[in-house]
Amino acid sequence: MSDMARQQFWDALRQTTQARIGLGRSGNALPTRDVLELAAAHAAARDAVHIPLDTQRLAAAIADVGIGRPAVVTSQASSRDEYLRRPDLGRLPADLAAVATAPADIGFVLADGLSPTALMHHGAALLRALVEEFGERYSLAEPVIATQARVALGDHIAERGQYTTLLVIIGERPGLSVADSLGIYLTHRPRPGCTDADRNCISNIHPPDGLGYREAARIAGGLVAGARQLGRSGVSLKDTSRGVGVDGPGLGELG
């Protein structure tokens, strides 16, 4: 294969992924451009973890969605460093007095998680898409913003608020390709002590390169409906919204 053909092959393949593949070389090392791009991506990922959530600006954006002014709570982790060292403290609330007890079909917690940057970039727009998806089919609780938060902190919030189904919108662990990705964790009948086996996750939400807001909301809508019908979420509940049926010949190929 000629150098030009090899370059064209890798150029085409790189259009299909954000992974760093087929990079060039300068002697025994990467080209300077690729080294600098990697360093910039690493810095962006670190910033995404450590830059504090601007709760006032986020709260204003969330209020504009139209389902109420969000309450703000925090976990028992007293600092970002402690949050990263002690995941257990991120699962426990410091004080839930700001959360109103108001039973609702669906509650929303917007958590900074491991990428406050992701929540700032996408949180309000994703919440808006979810509210539009659910429409008037369900009663919706006023949203809650949670800082220094892990997913399980939402179970305590939901217990106080008395939500039937909880959606935790949380910043996902940043990587060298994406630093601002959100996930949605759905728990039906949430309560302290729930495990990951009790939840369903929709991940990689970061348009335009990742999952879009409307598509994520559509998947969440299907999962909520399924959870209410089944009476539980987690491993027993499957997302069939993007499933592709396998016909008879296909099953034969699978053996």
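The values are calculated or read from the model by the stated rules, or taken from the named source; none is laboratory data. Keep in mind it's a predicted model, so treat the numbers as computed, not measured. Here Cβ is always computed from backbone atoms with ideal geometry, including for glycine, and neighbour counts include all displayed protein chains. Quick note on the areas: whole protein, heavy atoms, side chains included, nothing else; ligands and nucleic acids left out. Shrake-Rupley method; radii C 1.70, N 1.55, O 1.52, S 1.80 Å.
Numerical summary
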{"read-out": "Condition met for GLU215 (over 22 Å from ALA149 (Cβ atoms), modelled with pLDDT of 95 or more and not in a strand (DSSP E or B))", "value": "yes"}
{"read-out": "Among the residues listed as SER177, SER203, the single one being modelled with pLDDT under 95 and open to solvent by 40 Å² or more (accessible area, probe 1.4 Å)", "value": "SER177"}
{"read-out": "Selected residue (only one of ASP105, ASP34 is of a type in the set (D, E, K, R), within 29 Å of GLU132 (Cα to Cα) and surrounded by 11 or more Cβ atoms within 10 Å (Cβ to Cβ))", "value": "ASP105"}
{"read-out": "In the range 1-39, residue farthest from the chain's Cα centre (by Cα) [restricted to those that are among the charged types (D, E, K, R) and either in a helix (DSSP H, G or I) or more than 18 Å from ASP209 (Cβ to Cβ) (or both)]", "value": "ASP3"}
{"read-out": "Complete set of residues in the range 75-101 that are closer than 23 Å to ARG128 by Cα and either basic (Lys, Arg) or open to solvent by less than 50 Å² (accessible area, probe 1.4 Å) (or both)", "value": "VAL99"}
{"read-out": "Conditions (1) in contact with a strand residue (DSSP E or B) (Cβ under 8 Å, 6 or more places away or on another chain); (2) among the small types (Gly, Ala, Ser); (3) at pLDDT below 95; number of the one not met by GLY161", "value": "(3)"}
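Residue by residue, here is whether (1) within 20 Å of HIS50 (Cα to Cα); (2) of a type in the set (A, V, I, L, M) holds:
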residue	(1), (2)
HIS121	yes, no
ARG128	no, no
TYR138	no, no
ILE145	yes, yes
ILE157	no, yes
CYS201	no, no
